[in-house]
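Just below is one structure, and these are the notes that go with it.
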Amino acid sequence: MLGPMLIGVAVAGTLQLTGINAVMNYAPTIMNRLGMEPLVGNAVVMIWNFVTTLVSIPLASVLTMRQLFIACSLVASLACLFLCGVPVYPGIASTKAKNGVAITGIAVFIAAFEFGI
């Protein structure tokens, strides 16, 4: 009984370190810097969050929680690396390309979080 409870507490504690709160709280600021109106950007992020939550429901009945957690943790980590690494890469000078990478990284991160974390 104590083992599963400790695992649950550890998972709940580490979820706070994933960065999803930063993405959701700073969505208007992030989207404003990407060229969108803050409220429109916030609405887009929240609608995407809602849609991915709806998609995650059937996934939970098809795959095991362990499979979802491991796969989506890997995807979310790769999305963070993609989001942080590609826009600062010297070969990407176009603002439009950087904005596209940022929006894609945010969307993939939110989807991975909702699907399995």
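Bear in mind these aren't lab numbers, they're just calculated from the coordinates by the rules spelled out. Keep in mind it's a predicted model, so treat the numbers as computed, not measured.
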Next on the checklist: Among (i) 15.9, 55; (ii) 14.5, 45; (iii) 20.5, 83, only one was calculated for this model; which label is it, if the read-out is Rg and Dmax of the Cα atoms in Å?
Outcome noted: (i)
Checklist entry - Relative to the present Cα-Cα distance, how much length would full extension add between LYS98 and LEU81 at 0.36 nm per residue of separation? => result 4.7 nm
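Suppose the chain between ARG33 and ILE70 were pulled fully straight at 0.36 nm per residue; how much longer would it get relative to their current alpha carbon spacing?
This chain segment gains 10.1 nm when fully extended.
When only Cα pairs under 8 Å and 6 or more residues apart are kept, what is the percent relative contact order across the chain?
31 percent
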